Each structure stands twice: as structure tokens, then as C-alpha cells.
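The values are calculated or read from the model by the stated rules, or taken from the named source; none is laboratory data. What you see is a predicted model, and the numbers here were worked out from it, not measured in a lab. Note that we place each Cβ from the backbone using ideal geometry, even for glycine, and neighbour counts take in every protein chain shown. In case anyone asks, the SASA skips ligands and DNA or RNA and just uses the protein heavy atoms, side chains included. Shrake-Rupley method; radii C 1.70, N 1.55, O 1.52, S 1.80 Å.
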Amino acid sequence: GARAGAGARGAVRRAAAMDASLQFIRGVNEVTVPEVKLKRSRDGSTGTALFVFDKPSVFEASGEMGEITGLYMLDDEGQLDTQDVQAKFVNGKPSKIECTYVMRSAFQWDRFMRFMERYAEANGLAFNKA
């Protein structure tokens, strides 16, 4: 017969911290690690993050840009997202994706930095705060 509880073992690993990930298409992790440029206002109340993905894997996965609705940043705390996503083309082929995430409060900045620290750790990104 079927072994009871065979699926229960997998739940144990879930107690470990979820790796932070970036997605253009929900449920599909982007494997290309972006370059991230941060800017913050002098008083620290607002900031922007520019993500530049060079030849992101989503281009192969989706086949067309229509499926990309935004950049989703996922971690233990939940999701951050931006719809400010632009593809850059070279010779008619998509070569880069640039995404801008705007933070309008110190709280949002701190939340974003926690995500970036987790993402950097999970993906070996040398991440330095500007």
C-alpha cells in the first residue's frame, strides 16, 4: 500500500530560510544576477534601485516580452515589486532588462536592504551600499 507520511519529510526543510529570489514571470526565478545601483536622498527618506540584467534567462523562457509584467522580489518577509521594467534591444534582439524600484520612505529603504542582503547572500552577489 501507500506509505503514510512520505510527503511529510519535505515540510521539514521549509523551516529553513527561503532564499531571496527575483522573478519576471511569477513562479520562475531569474537566474541571471543583475548589477544593482542604489541612490538615496541626502535625508534618507527616498531612494531608487536600478537593476540591470544582462541577457536574462527570462528571454529564453518566455520567448516574448508580453509575459513580463514586472520585477518581483521575493523573500521570507513577502514580496516587493515594480512595474518599471524596460527591455533594451540590440539588432532587434532583447539584450538587457532594466528595472527601477523606487522607495518613498526610510521604512521601504530598510525593507529593500534586507531583501538585497538576503539576495546577495543566496546568489554570491558582491553587494555594497551606496
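Name every residue in segment 46-95 that is closer than 24 Å to residue 118 by Cα, surrounded by 14 or more Cβ atoms within 10 Å (Cβ to Cβ) and among the polar types (S, T, N, Q), in order of residue number. Across segment 46-95, the qualifying residues are 46, 48, 57, 82. In segment 66-78, the residues that are within 18 Å of residue 18 (Cβ to Cβ) form Cβ pairs under 6 Å with partners that are in a loop (DSSP other than H, G, I, E, B), at six or more places apart or across chains, as follows: 75/20; 76/17; 76/18.
Contact map, segment 96-109: first residue touching a residue at least 40 places away in the same chain (Cβ under 8 Å) and within 14 Å of residue 68 (Cβ to Cβ), second residue open to solvent by less than 20 Å² (accessible area, probe 1.4 Å) and of a type in the set (Phe, Trp, Tyr), Cβ cut-off under 8 Å, separation 6 or more or different chains; pairs are 96/53; 97/24; 97/51; 97/53; 98/51; 98/53; 99/51; 99/53. Restricting attention to segment 97-128, the residues being open to solvent by 30 Å² or more (accessible area, probe 1.4 Å), within 16 Å of residue 49 (Cβ to Cβ) and not polar (S, T, N, Q) number 12.
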